[in-house]
Amino acid sequence: MIIRYALENRVLRSVVFAVLLNFSLSQLGNAQSFELNEAQQLIYSTAHFELAPPGTDILYRLVSIKSDKHTSDSVALKVVSTDQDQRHQIELEFLTGDSRIDFPVFHGIRGNPIIIAFWERDVQEMSTITGGGQLYFRNRIRHALADNPSVLDTTISYNEKLIDAVKIEFKPYVNAPLRERLSYYVDKIYSVTLSRDLPGYVASLETIVVQDSDIIRETLSLDGVATH
């Protein structure tokens, strides 16, 4: 019963957070009262699905490397519908089996919610590992994005071609309150690689932690496109 209760609470927290971020994405897309920085615009208000019409399934692969352990799992994003303002209804199948996290349907968004889902999973893990509250970690990510993180031009390979991309990189915990409690996680690096030439815009999402001589790396990357 205790395990079941914990799992049900985990799903509930995920759903609540996703609903809140779904609202935030929609509002940021219409924001008139404040100016978004370049990173925020790329993540929140840019139209990510111009190359993914309704009926498109965008497939991702999450690879986790922790010490000598290597795991891999799948994510499927379904573009259900698109309105005349290029806002979309999106369904996510985020991971499988015991690792699966249930998110509600995302309505009326322009940005790719896979970014939010990846960060929500990270928030849950950081909370479990450090004992810190999930709200603390969510706020640190939000504040780091608002603090003009680096946005660098780069190139990536897709379908055996080089395409232009941008990479956003930030460290949410370097100057965070209570950072002394985070041990080596204080230098955790988050990155988002985006390209207008990709369906869904997201090439990869990554976190990296250096622990003594070990590197803990989690990378979610574009794995293919299908139709439903």
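The values are calculated or read from the model by the stated rules, or taken from the named source; none is laboratory data. These numbers were taken from a predicted model, which means no experiment stands behind them. Counting neighbours? That spans all protein chains shown, and the Cβs are built from the backbone with ideal geometry, glycine included.
Worth pointing out:
- Scanning the range 177-201 for residues that are surrounded by fewer than 17 Cβ atoms within 10 Å (Cβ to Cβ), closer than 20 Å to residue 39 by Cβ and among the aliphatic types (A, V, I, L, M) gives a single hit, 189.
- Scoring residue 73 on the criteria (1) modelled with pLDDT of 95 or more; (2) more than 17 Å from the chain's Cα centre (by Cα); (3) of a type in the set (Asp, Glu) leaves a single failure, condition (2).
- Filtering the range 202-228 to residues that are surrounded by fewer than 16 Cβ atoms within 10 Å (Cβ to Cβ), hydrophobic (A, V, I, L, M, F, W, C) and in contact with a helix residue (DSSP H, G or I) (Cβ under 8 Å, 6 or more places away or on another chain) leaves only 210.
- Residue within the range 84-100 that is assigned to a strand (DSSP E or B) and more than 18 Å from residue 202 (Cα to Cα) present: no
- On the stretch given as the range 53-70, residues that are in a strand (DSSP E or B) and modelled with pLDDT under 95 total 4.
- Qualifying residues in the range 102-115 (those that are of a type in the set (Val, Ile, Thr) and either at pLDDT 95 or above or assigned to a loop (DSSP other than H, G, I, E, B) (or both)) - the one nearest to residue 91 (Cα to Cα): 105
- Among the residues listed as 96, 82, the single one being surrounded by fewer than 16 Cβ atoms within 10 Å (Cβ to Cβ) and touching a residue at least 12 places away in the same chain (Cβ under 8 Å): 96
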